[in-house]
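Take a look at the structure below.
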Amino acid sequence: MTLLRYRTDNGNMAGQTTPRADDSAPDLEREALAARLAFLQRGTGYGLLVNLLVAGIAVGSLWNLASSVHLTAWLAVMLLALAIRFVLHRGYTRAPRSLGDDPHWRRLVTVSASAIALGWGWCGFVLIPLLGGDRRLLVLMLLILALFTGHTVAPFRATAGAFLVLAGLPLMAQLLLLGSPAEAIASAFALILLGVQWVSLEMFLIAIAKNIRLQRHQNWSELERAEYMRSVETANRLLAQTLSERELAEAQLKIAKQAAEDASRAKGEFLAYTSHEIRTPLNAIIGLTRVLLDTPVTDQQRDYLRRVRNAGGRLLTLINGLLDMSKIEAGKLEIESRDFLLREVLDNVVQEQIVMAREKGIGLDLEVGPDVPNFLVGDSLRVGQILRNLVGNAIKFTNKGKITIKASLVRSGGDTANILFAVIDTGIGIPPETQATLFQRYSQAEAGTSRKFGGTGLGLAISKSLCELMSGTMGLRSEPNKGSEFFFDLPFKVRAAAQVARPAHAAGAVQGGRALKVLVAEDGEDNQLLIELLLKRKGAHITIVENGQLAVTKLEQNHFDLVLMDLEMPVMNGFDAVAAIRENEVRKGGHVPVVALSAHALVGYREKCLVAGMDDYLTKPLDAAALYALMDAYAGTQTERASVPADSSQ
């Protein structure tokens, strides 16, 4: 690293002249400013070259992400401003004394430097958010490098300050708005570096001016000379230290960012792999257990099967909880807004939980206020999930008495209503000292709760997060040995009964007087058996193949009303198979509904399947009710399609 020394060939400081007794203070000031300008102009060419290179790299990185018109216009403005500043720089090198004092030249320098700064500010605020990952970090570092050229592009103190403000503040603001810890650290670090660079360079330039003033005095003592040299060396050391620390910090920041991204990627891959590998056998365990429970078995066998089913259900709940928490932490859990019937959601929760309540010999009641609206708009699935978590906990910690689910209207106005839900039990209660931490992740009332009652402590944390995502709040009231009340209120939009779209009831798996023909592409024998048993209950005609290639061949040879397609199969996977099916349909016409079957339940996987050409998506373990509802829907769709030619012929 070359330290800055501003000296002439004969060893004297730049701007040194033979002192005169009648030198005035204005003359000294002008000479100091001229020396400052001459020093900074020496680096102007390099500074403009750095700005040009950074602009080219930024355009190349953003070309496929932003509008080409905007990028072209931005690049044109930057090139014009850089060209004007270069012409002004070349003019100064030919006539430094005349142009250095020319106010018109100074104004043109200020205008061109401000235009360059505005260009970088626009790039940092508008274009940087379009990038992601390493490309954003690369362009960010290059922009910071461009900011460090501010004193050479804008050689006057006020102009340099305006350059840093116009170019740096929009970038810092955007990094803070992005909300990522890495961007926030980068913003703070870049701001500190710019400040240190500004102070260091100003100290160095002040040292130059000070040297000029000192040498204009005839009686410049050796002590004064030594003091000056110390100030210059201090400025040099500070500048060198600043540059070294900046390079080290940039390297550490890059390593830390890469490590955080690798950890996040590894976590996502681990969750995806674990979810898929556990859900696949769980599909057979839970599904076949439910099928066996519907067959004639002894009471002892029925008890064993219930235990197997409940154990599988607890494992599935754990997996779903971990996935939901991962989505919430990543900020990727989306809240839907759809029409639904509140009482239908409440009835479904009661019907699902009442079996477990009866097994423990406790009651489960539902109380809905007469003024509570039934036709609402919101995320019914998440409302049901919160209630299932709370009712499941209440059943777990209640050994006698009953559990009551309440819904009451808190306030209403116009087309909105706030509804308070409460789950009240007569269980063991919660000590006051542990209530404050109960909604934290993996938190339970006592250390031995997990061993005695089961669970992971995720349910309440997820429920509270879901409430907050839906603009609601959650709380509790509890007394040890008397019971607990968990409550939450949520805002909904209210619809009139006539505005709510009612789903048409199809004819089940019977289409136009005949059974649905269903093609199943699934490579797992256990899952083949389960799906076959479930479909036979609906009276469907079933054809099972082991891979996607056989599914494509079967569809070319026969007509099917519905295809259930596993995604991970040998020979040809589900994505390639549906692509081949849709390609054949483009050539031959027609459309067969294809439903994806997958053990993946991570955010975005359903959308990935729909984009690939699937019509719907079911996760494993398969829920019989969801499968039958989907069959009913597509049976009705196929019936409507079959009736179109007959109607048109009339």
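Roughly speaking, what is the stretch gain from Leu130 to Ala158, that is 0.36 nm per residue apart minus the C-alpha to C-alpha distance, in nm to one decimal?
6.9 nm
For the stretch 324-409, what is the charge dipole size about the Cα centre, in debye to the nearest 20, if Lys and Arg each add +1 at the Cβ and Asp and Glu each add -1 at the Cβ?
The dipole of the stretch 324-409 has a size of about 440 debye.
Which one of Phe397, Asn418, Leu387 is farthest out on the positive end of the charge dipole of the stretch 383-428, using unit charges on Cβ (Lys, Arg +1; Asp, Glu -1) and the Cα centre as origin?
Farthest towards the positive end: Phe397.
Measure up Lys402/Lys464; Lys406/Lys482; Lys464/Lys493; Lys360/Lys538 against 27 Å on the Cα-Cα distance and list the ones that go over.
In this structure, Lys360/Lys538 lie more than 27 Å apart at Cα.
Return the sequence-ordered ³J(HN,Hα) values of the stretch 120-129 in whole Hz as given by the Karplus equation 6.51 cos²θ - 1.76 cosθ + 1.60 applied to θ = phi - 60°, using x for Gly and Pro.
5, x, 5, 4, x, 7, 9, 8, 4, x
For all pairs of alpha-carbon atoms in the stretch 330-383, what percent lies in each bin of width 10 Å, listed from the first bin to the last filled one?
20, 39, 28, 12, 0
Could you give the length gained on full extension between Glu227 and Gln435, defined as 0.36 nm per residue of separation minus the Cα-Cα distance, in nm?
On the way: separation 208, 0.36 × 208 = 74.88 nm, distance 6.69 nm.
Separation in residues times 0.36 nm, less the Cα-Cα distance, equals 68.2 nm.
Would you mind giving the average projected area, over all directions, of the Cα convex hull of the stretch 71-128 in nm² with one decimal? Intermediate results must be reported in sequence, preceding the final value.
Numbers: hull surface 16.1 nm².
Mean orientational projected area (the stretch 71-128, Cα hull): 4.0 nm².
Between Ser68 and Asp576, how many nm apart are label points set 7 Å from Cα along the C-beta direction?
Here the answer is 3.4 nm between the modelled labels.
Set the Förster distance to 56 Å, then compute FRET efficiency between Ala633 and Leu80 from the Cβ-Cβ distance, nearest 0.05. Write out the running numbers ahead of the final one.
Working: r = 60 Å, r/R0 = 1.08.
After rounding to 0.05, the efficiency reads 0.40.
Place +1 on the Cβ of every Lys and Arg and -1 on the Cβ of every Asp and Glu in the stretch 523-624, take the dipole about the Cα centre, and give the residue among Asn573, Leu535, Leu550 whose Cα lies farthest towards its positive end.
Leu535
Once you charge only the Cβ atoms, +1 for Lys and Arg and -1 for Asp and Glu, what is the size of the charge dipole of the stretch 69-116 about its Cα centre, to the nearest 20 debye?
So the dipole magnitude of the stretch 69-116 works out to roughly 120 debye.
Work out the charge dipole of the stretch 35-144 with +1 on the Cβ of Lys and Arg and -1 on the Cβ of Asp and Glu about the Cα centre, then indicate which of Trp122, Val69, Leu48 is farthest towards its positive end.
Leu48
For the peptides 615-621, 308-314, what is the packing order when you average, over each peptide's residues, the other Cβ atoms within 10 Å and list the highest mean first?
615-621, 308-314
Modelling each spin label as a point 7 Å along the Cα-to-Cβ direction, I'd like the His559/Ile192 distance in nm, to one decimal.
About 7.3 nm separates the two model spin labels.
Using a ≥ b ≥ c from the Cα gyration tensor of the stretch 538-593 (square roots of the eigenvalues), is it rounded, prolate or oblate, where a/c under 1.5 gives rounded and otherwise the larger of a/b and b/c decides, a/b for prolate?
Values: a/c = 1.76, a/b = 1.01, b/c = 1.74.
Judged from the Cα gyration tensor, the stretch 538-593 comes out oblate (a/c at least 1.5, b/c at or above a/b).
In nm, give the distance between the simple-model label positions of Asp102 and Leu610, each being 7 Å from the Cα along the Cα-to-Cβ direction.
6.5
On full extension of the chain, what length is gained from Gln252 through Leu293, given 0.36 nm per residue of separation minus the C-alpha to C-alpha distance? Show your work: numbers first, answer last.
Working: separation 41, 0.36 × 41 = 14.76 nm, distance 5.95 nm.
Using 0.36 nm per residue and subtracting the Cα-Cα distance, I get 8.8 nm.
Find how many whole Å separate the alpha carbon centroid of the stretch 561-617 from the alpha carbon centroid of the stretch 98-122.
60
Any idea what % of Cα-Cα pairs in the stretch 59-160 are farther than 18 Å?
52
Using a 1.4 Å probe on the protein chains only, how many percent of the accessible area of the stretch 45-147 belongs to carbon and sulfur?
About 71 percent, which is the carbon plus sulfur part of the accessible surface.
The values are calculated or read from the model by the stated rules, or taken from the named source; none is laboratory data. In this text, all values refer to a predicted model and were calculated from it rather than measured experimentally. Quick reminder, even Gly has a Cβ in these numbers, built from the backbone with ideal geometry, and neighbours come from all protein chains shown. Ligands, DNA and RNA are stripped out before the accessible areas are found, and what is left, the full protein with its side chains, is counted by its heavy atoms. Shrake-Rupley method; radii C 1.70, N 1.55, O 1.52, S 1.80 Å.
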